[in-house]
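The values are calculated or read from the model by the stated rules, or taken from the named source; none is laboratory data. Please read all numbers here as calculations on a predicted model, not as lab measurements. Cβ placement follows ideal geometry from the backbone for every residue including glycine, while neighbour counts extend to all protein chains displayed.
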Amino acid sequence: MTDIVSAEWVLDRPDVRIVDVRDAWEYDGIGHLPGAVNVPFDAYRADAHEAEGGEGSAGMLPDEGEFEALLGEAGISVDDHVVAYDDTHGVFAARLLVTLELFGHDPAKLHLLDGDFSAWQLEHETTGEVPEPAPTDYAVDPPAETPLVDADAVSAAAESGDAVIVDTREQWEYEEGHIPGAVRLDWQTLVDDETRGLRPEDEVREILTERGIVPEERIVLYCNTARRISHTYVVLRHLGFEDVAFYEGSLTEWERQGRPLETA
């Protein structure tokens with residue numbers, strides 16, 4: 001299960017693979033965590049799917065071969081524990097972790113740094129030294145079942161009422177149209193602007209419970225950007241939610257298929 005880890009956790013484990021997903025100019029020019037390799041967000045996003053809203057059940061995943069080459073060049077092995085971070089409260093780093101999980105990396109070996117680069121550098125060392133990892137033969141091996149679901153599955157869950165449908169978009173997007181019965185959860189409400197990491201667990205659980213998002217329920221997330229939905233997914237899994245799925249198709253495609261929307 002993907003979890004969220006502290007800076008101290010990272011410092012105590014020199015064998016983990018630390019991945020910085022910021023742009024290369026930030027990684028090189030501003031500095032990075034010691035030992036971190038750079039895998040920029042744009043290198044593993046799927047622009048075509050982003051433009052179309054991630055149609056169908058394929059979601060917004062990059063090409064498997066390109067992803068294998070990217071991870072291999074960064075010296076990451078399928079057996080590695082991976083810690084990812086960015087400088088935006090973890091929302092971009094979370095997408096790398098979800099992509100790894102969907103491509104078969106053991107979720108128990110995937111970790112999101114609590115906080116981001118700005119939070120780290122306030123108390124810990126950074127460096128401009130770039131590591132030279134030995135290349136690996138990273139092999140994608142998607143599991144038979146993943147949390148990624150298609151529009152039919154979301155529609156069935158909404159109609160049956162056997163899941164809490166969660167819209168992770170902004171308020172104006174939600175008001176213009178959302179899946180019937182969906183509750184809204186802005187991923188940014190779960191993070192603390194001062195620490196740049198996750199709010200205290202009791203506060204996060206209170207925010208979730210107010211919206212009916214509790215561990216006993218099946219949760220189905222959707223959004224129009226992969227990074228926002230990924231951050232929410234990682235937080236829920238970190239908190240012990242067992243049954244969490246997500247849909248990465250656009251609501252434009254949803255309507256094109258003749259499916260209803262509600263407005264607020």
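A few notes on this one:
- Considering 96, 112, the condition of being in a helix (DSSP H, G or I), at negative phi and modelled with pLDDT of 95 or more is satisfied by 96 alone.
- Within the stretch 62-89, tally of residues that are touching a helix residue (DSSP H, G or I) at 6+ places or on another chain (Cβ under 6 Å) and closer than 30 Å to residue 189 by Cβ: 6
- Of the criteria (1) exposed (fewer than 13 other Cβ atoms within 10 Å of the Cβ); (2) in contact with a strand residue (DSSP E or B) (Cβ under 8 Å, 6 or more places away or on another chain); (3) modelled with pLDDT under 95, which one residue 212 fails: (3)
- Condition check for residue 252: surrounded by fewer than 19 Cβ atoms within 10 Å (Cβ to Cβ), of a type in the set (Ser, Thr, Tyr) and within 26 Å of residue 42 (Cβ to Cβ): yes
- If the condition is being without any contact (Cβ under 8 Å) to a residue 24 or more places away in the chain and either in contact with a strand residue (DSSP E or B) (Cβ under 8 Å, 6 or more places away or on another chain) or under 14 Å from residue 232 (Cα atoms) (or both), then the stretch 156-207 contributes 170, 171, 186, 189, 192, 199, 207.
- For the stretch 193-209, the candidate set comprises residues that are at pLDDT 95 or above and among the acidic types (Asp, Glu); within that set, the residue that is farthest from residue 111 (Cα to Cα) is 206.
- Top-ranked residue in the stretch 117-128 [being in contact with a His (Cβ under 9 Å, 6 or more places away or on another chain) and assigned to a loop (DSSP other than H, G, I, E, B); ranked as nearest to residue 190 (Cα to Cα)]: 126
- Selection within the stretch 216-246 - more than 19 Å from residue 5 (Cβ to Cβ) and loosely packed, with under 15 Cβ neighbours inside 10 Å: 216, 217, 218, 242, 243
- Search result, residues across the stretch 1-39 that are of a type in the set (Gly, Ala, Ser), surrounded by fewer than 17 Cβ atoms within 10 Å (Cβ to Cβ) and assigned to a helix (DSSP H, G or I): 24, 29
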